[in-house]
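S.K.: I'd like to ask you about the structure that follows.
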Amino acid sequence: MSSSAPPLVLVPGLMCDAELWAHQCRHLSDIADCQVADTSREDSMEGFARAILAAAPPRFALAGLSMGGLIAHAVMAMAPERVLKLALVGTNARADTPAQTGRRRELVALAENGCFAEIMPLLMPALVHPGRLHDDLLVSEVATMAMRVGAAAFLRQTRAIIGRPDRRAALPGYRVPTLLICGREDVITPLDLHEEMADAIPGSELAIIEDCGHLSTLEQPQAVTTLLRRWLQYA
C-alpha cells in the first residue's frame, strides 16, 4: 500500500456485511487501507455515522453502496471536513416514499413473526440483474450474507432507512471529489436517481456499469474496483 494513500472506509448495504466489498478490499490493498464499517448495531443514519466517525482515522475516503450510501450522506452531514473523497454506489439522496415504507413494513412483519429467511428470496429479483438470478454462487452469497447479518440487525437497519431525511438540498455543498456508480439495470436505485445526485454535486462523475443490477460490487466486481482505483488515484 502506498504510504500516501488515504484510508478507505467502505459501508455495506442492507443485510450485507464485509463480503459485499471483498473484491475491492483484495484488489485495492496496494493503494488503500480498506476498512469495512459495521452496519449491524445502530438504528438511525445518525447513529451509523457517529459509529463510523468514531472508528475511522481523522481523514478518509468514503464509499457506500445502497444503505451504505445513505449512511455516507449522514457522514457528510455530520463531519464533511473528515471526508477526502466520496463514492456513492447504487444509492440515492431522497427520503423514503410512503409506498417504499409500506413495503418495508411488510418485510419487518415477516422478520418479527419469525420468517426472516423468507425475505431474501422475495428481494432477490430486485437486487441482481435478471440474467444472474440463476447464478447459484451469487444468489447463495447474497442470501448467506443476509443470514449472517440476521433479523435483529435487519430490523434496526430498516428503521434507519425508513427514518432517513431527504439529503438533496445538501448535495450542492459537497466539496470533495465524488464518484457515483450505477448499474444500468438497477431497479432499486435506477439511473435517474444517480443523475439527480450527479447534477447537484459540483464536479461529480457518474459511471454506469452495463449488464448490472443493484449489487454491483458482487455482480461486476472488477468494473467497480477499476472505477474506485481511478477515483482513489486521480480524483
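Any read-out appearing in this document is the output of simple, stated calculations on the displayed coordinates, not a laboratory observation. This is a predicted model, so every value here is computed, not measured. Cβ coordinates were reconstructed from backbone atoms using ideal geometry, including for glycine residues, and neighbour counts include every protein chain displayed.
S.K.: I'd like to know if the range 197-208 contains one or more residues that are under 17 Å from residue 68 (Cβ atoms) and hydroxyl-bearing (Ser, Thr, Tyr).
M.R.: no
S.K.: Any idea which of 219, 205 is charged (D, E, K, R) and crowded, with 17+ Cβ neighbours inside 10 Å?
M.R.: Numbers: 205 fails: crowded, with 17+ Cβ neighbours inside 10 Å.
Testing whether each residue is charged (D, E, K, R) and crowded, with 17+ Cβ neighbours inside 10 Å leaves just 219.
S.K.: Something else about it: Can you tell me which residue among 138, 123, 110, 133 is farther than 23 Å from residue 64 by Cα, surrounded by fewer than 20 Cβ atoms within 10 Å (Cβ to Cβ) and in contact with a Leu (Cβ under 9 Å, 6 or more places away or on another chain)?
M.R.: Testing whether each residue is farther than 23 Å from residue 64 by Cα, surrounded by fewer than 20 Cβ atoms within 10 Å (Cβ to Cβ) and in contact with a Leu (Cβ under 9 Å, 6 or more places away or on another chain) leaves just 110.
S.K.: Right, next: Search the range 194-205 for residues that are under 12 Å from residue 93 (Cα atoms) and pair each with any residue that is aromatic (Phe, Trp, Tyr) when their beta-carbon atoms are under 8 Å apart and the residues are at least 6 apart or on different chains.
M.R.: What qualifies is 201/174.
S.K.: Moving on to the next point. Select from the range 213-226 the residues that are under 15 Å from the mean Cα position of the chain (by Cα) and among the hydrophobic types (A, V, I, L, M, F, W, C) and list them in ascending order.
M.R.: 215, 218, 224
S.K.: Just checking, does the range 175-186 include any residue being surrounded by fewer than 16 Cβ atoms within 10 Å (Cβ to Cβ) and over 19 Å from residue 78 (Cβ atoms)?
M.R.: yes
S.K.: May I ask you to say which residue of 95, 152 is outside any helix (DSSP H, G or I) and either in contact (Cβ under 8 Å) with a residue 60 or more places away in the chain or under 20 Å from residue 17 (Cα atoms) (or both)?
M.R.: 95
S.K.: So, residue 52, is that one out of contact with any Leu (no Cβ under 6 Å at 6 or more places or on another chain), in contact (Cβ under 8 Å) with a residue 12 or more places away in the chain and either among the hydroxyl-bearing types (Ser, Thr, Tyr) or closer than 19 Å to residue 180 by Cα (or both) or not?
M.R.: Working: out of contact with any Leu (no Cβ under 6 Å at 6 or more places or on another chain): yes; in contact (Cβ under 8 Å) with a residue 12 or more places away in the chain: yes; either among the hydroxyl-bearing types (Ser, Thr, Tyr) or closer than 19 Å to residue 180 by Cα (or both): no.
In short, no.
S.K.: Going by the structure shown, is residue 224 of a type outside the set (Phe, Trp, Tyr), under 19 Å from residue 142 (Cα atoms) and assigned to a helix (DSSP H, G or I)?
M.R.: Against the criterion (of a type outside the set (Phe, Trp, Tyr), under 19 Å from residue 142 (Cα atoms) and assigned to a helix (DSSP H, G or I)), residue 224 qualifies.
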